[in-house]
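Structure first, commentary second.
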Amino acid sequence: MKQSQLFTKTQKNAPKDEMSLNARLLIRGGFVDKLMAGVYTILPLGWQVLKKIEQIIREEMNNIGGQEIFMPALQPKENWEKTGRWSTMDDLYKVKDKSDREFALGSTHEEIISPLMKKFINSYKDLPFAAYQFQNKFRMELRAKSGVLRGREFLMKDLYSFHLDQKDLDEYYEKAKIAYKNIFNRSGIGEKTFLTFASGGSFSKYSHEFQTLTSAGEDVIHICNKCNMAINKEIKDETPECPECKSTEFREEKAVEVGNIFKLGTKYSAPFDLTVTNEKGEKTPVVMGCYGVGLQRLMGTIVELNNDENGIIWPETVAPFKVHLISLGKNEEAEKIYNDLEKNNIEVLYDDREDTSAGAKFADADLIGIPYRVVVSEKSLAGGGVEMKKRNEKESEIIKIDQLFEEIKK
Ligand SMILES: [Zn+2]
């Protein structure tokens, strides 16, 4: 893409009311725009990043047998009354139409997927299976001050799994743990992300959170010094020892929850009478699990972990483009390299702006944070090629144009 055609512009300063680092950098780089606290428009560069994150998650969900669907955000009150959550869920947005009919704006989808599956499954032979979606969720956050980490409206992947019995759910749950680890490893935050015990529900003693260490985190976790599993604050209050290895030595860290997995048991299948006939011909309630990841929150966490004083440093796997090609002065060579990169399916943002100084172009490149910066100028051409610098490195080097493709494809 040519930068001269990108409608967004970078900004020297973030809005004064935006305190969080992730949103300040994302706004300045032109990735998101703040509509109001906790609600952000995703701009073209931000959309490229979210699509990369979405695709990583999609591949991992498909790997554990997930089938992709898309459920409505506007949901009937009756479904929420059936599970009791119409009156107990504090952060549920409720809307009324002209005829006084009430609806929920979905904050989660158990109330929709359970009656949906009742229409399709009736025998143990239909189990197990899992379905997932990417959907905008709505949550009434009264204090939305953590930038894109805590939204009132945000894109979320939620997967639901359906099983004949607890044992089958337990086995699937372990597979989901691995899929989640893969998601965070591939997004570049694996090293700082800890599997964390959280409280379960009536069907399981524990659920699990994936908590990423960052000073921007609103949660406190306690990491076991012996086995490296973590427990969240709630669990720490209930038990002095690590549920995994019984050690009592922990270190305390601030963290943000980037994902959670939960054994629901029959909590949502029972109210909707979601049952199957088992091998003995008896009716038995379906056992369920749910597995969530917020996409903007993951993007914001990646930014919190990968930046310097000049801007964002995107991990290659989620960067909006792989190469930021910068032409200084008008030269045909840059145009040719741009076309060659495009032909080779290497994603490139081409700074072809003629009215912008070298200094401003470099500052923009640092702020936007694309992994490879490639400068084409009279000076570089006289030196035999182009000047290449990785965003996370200080020194640039002149390399020959044919060498450029090999370097980038490494
Ligand atoms: Zn432990």
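The values are calculated or read from the model by the stated rules, or taken from the named source; none is laboratory data. As the structure is a computational prediction, the values presented were derived from the model and not from experiment. Reconstructed Cβ throughout: ideal geometry from the backbone, glycine too, with neighbour counts over all protein chains shown. Protein only, heavy atoms only, side chains kept; ligands, DNA and RNA dropped before computing areas. Shrake-Rupley method; radii C 1.70, N 1.55, O 1.52, S 1.80 Å.
Annotations for the structure displayed:
- Count of residues meeting criterion [in contact with a Pro (Cβ under 7 Å, 6 or more places away or on another chain) and not charged (D, E, K, R)] in the stretch 303-323: 3
- For the condition touching a Phe, Trp or Tyr at 6+ places or on another chain (Cβ under 7 Å), crowded, with 19+ Cβ neighbours inside 10 Å and modelled with pLDDT of 95 or more, Ile313 does not qualify.
- Close pairs (8 angstrom Cβ cut-off, 6 or more residues apart or separate chains): more than 24 Å from Phe134 (Cα to Cα) in the stretch 97-108, of a type in the set (Val, Ile, Thr) and surrounded by 10 or more Cβ atoms within 10 Å (Cβ to Cβ) anywhere: Glu102/Val95
- Filtering the stretch 29-37 for residues that are farther than 15 Å from Met299 by Cβ and surrounded by 13 or more Cβ atoms within 10 Å (Cβ to Cβ) leaves a non-empty set.
- Among the residues of the stretch 280-293, those that are farther than 30 Å from Phe134 by Cβ and either in a strand (DSSP E or B) or within 16 Å of the ligand (Cβ to nearest atom) (or both) comprise Lys283, Thr284.
- The single residue among Lys177, Lys181 that is in a helix (DSSP H, G or I) and free of Cβ contacts under 8 Å to residues at least 60 places away in the same chain turns out to be Lys181.
- Single residue of the stretch 366-392 satisfying the filter (modelled with pLDDT of 95 or more and among the acidic types (Asp, Glu)) that is nearest to Lys9 (Cα to Cα): Asp366
- Scanning the stretch 208-230 for residues that are assigned to a loop (DSSP other than H, G, I, E, B) and either within 10 Å of the ligand (Cβ to nearest atom) or closer than 22 Å to Tyr173 by Cα (or both) yields a count of 5.
- Strands (runs of 3 or more DSSP E) wholly inside the stretch 52-142 that include at least 1 residues being open to solvent by 60 Å² or more (accessible area, probe 1.4 Å) and in contact with an Asp or Glu (Cβ under 9 Å, 6 or more places away or on another chain): 93-96
- The stretch 231-279 - residue that is open to solvent by less than 10 Å² (accessible area, probe 1.4 Å) and within 9 Å of the ligand (Cβ to nearest atom) and, of those, farthest from Thr83 (Cα to Cα): Cys242
- The set of residues from the stretch 263-300 being out of contact with any helix residue (DSSP H, G or I) (no Cβ under 7 Å at 6 or more places or on another chain) and among the β-branched types (Val, Ile, Thr) comprises Thr266, Thr275, Thr284, Val286.
- Entirely in the stretch 318-395, the helices (runs of 4 or more DSSP H) that have 3 or more residues that are under 31 Å from the mean Cα position of the chain (by Cα): 332-343, 358-368
- Filter result (more than 26 Å from Leu26 (Cβ to Cβ) and surrounded by 17 or more Cβ atoms within 10 Å (Cβ to Cβ)) within the stretch 339-383: Val376, Ser377, Ser380
- Exclusive hit being touching a helix residue (DSSP H, G or I) at 6+ places or on another chain (Cβ under 8 Å) and over 25 Å from Val286 (Cα atoms), set Ile64, Ile112, Ile56: Ile56
- Test: residue in the stretch 197-205 that is within 16 Å of the ligand (Cβ to nearest atom) and open to solvent by 20 Å² or more (accessible area, probe 1.4 Å): yes
- From the options Lys390, Lys394, residue that is open to solvent by 30 Å² or more (accessible area, probe 1.4 Å) and touching a Pro at 6+ places or on another chain (Cβ under 9 Å): Lys390
- Each residue in the stretch 184-212 was checked for being touching a residue at least 40 places away in the same chain (Cβ under 8 Å) and farther than 17 Å from Glu238 by Cβ, and 12 of them qualify.
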